[in-house]
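The structure's right below; bear with me while I get my questions together.
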């Protein structure tokens, strides 16, 4: 495909170059909210997962859709 690569809309908003008439209103948006750790995690992995979730949600980059990835990483670290 010729031409420049498209910049993700989130980066346009963060960098201040977003123009409302150029943004895609139908772009997928992440789910908002908090999540709990899965039942199959041991106690230490659950602590790690909840701590990681708190950090990500606090930064505004986490979503409930990320629970499985967080749990897998927490189980590896415990």
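The values are calculated or read from the model by the stated rules, or taken from the named source; none is laboratory data. None of these values were measured; they are calculated from a predicted model. Because the Cβ atoms are built from the backbone with ideal geometry, glycine has one as well, and the counts that use them run over all protein chains shown.
Residue 6: assigned to a helix (DSSP H, G or I) and at pLDDT below 85, yes or no?
Spelling it out, it is not the case that residue 6 is assigned to a helix (DSSP H, G or I) and at pLDDT below 85.
Take region 48-59 and flag every residue that is surrounded by fewer than 19 Cβ atoms within 10 Å (Cβ to Cβ) and touching a residue at least 12 places away in the same chain (Cβ under 8 Å).
Within region 48-59, 50, 56, 57 qualify.
Here's another thing I want to ask about it. Counting only residues that are free of Cβ contacts under 8 Å to residues at least 12 places away in the same chain and under 25 Å from residue 72 (Cα atoms), which one in region 1-35 is surrounded by the most Cβ atoms within 10 Å (Cβ to Cβ)?
That would be 29.
Just to be sure I understand the filter: pairs with C-beta atoms under 8 Å, separated by 6 or more residues or on different chains, first member in region 60-73 and in a loop (DSSP other than H, G, I, E, B), second member surrounded by fewer than 14 Cβ atoms within 10 Å (Cβ to Cβ). Which pairs pass?
Between residues of region 60-73 that are in a loop (DSSP other than H, G, I, E, B) and residues that are surrounded by fewer than 14 Cβ atoms within 10 Å (Cβ to Cβ), the close pairs are 62/55; 63/30; 63/31; 63/32; 63/33.
Continuing with this model, one more query. Taking the residues in region 54-68 that are more than 13 Å from residue 36 (Cβ to Cβ) and more than 8 Å from the chain's Cα centre (by Cα) as candidates, determine which candidate is modelled with the highest pLDDT.
55
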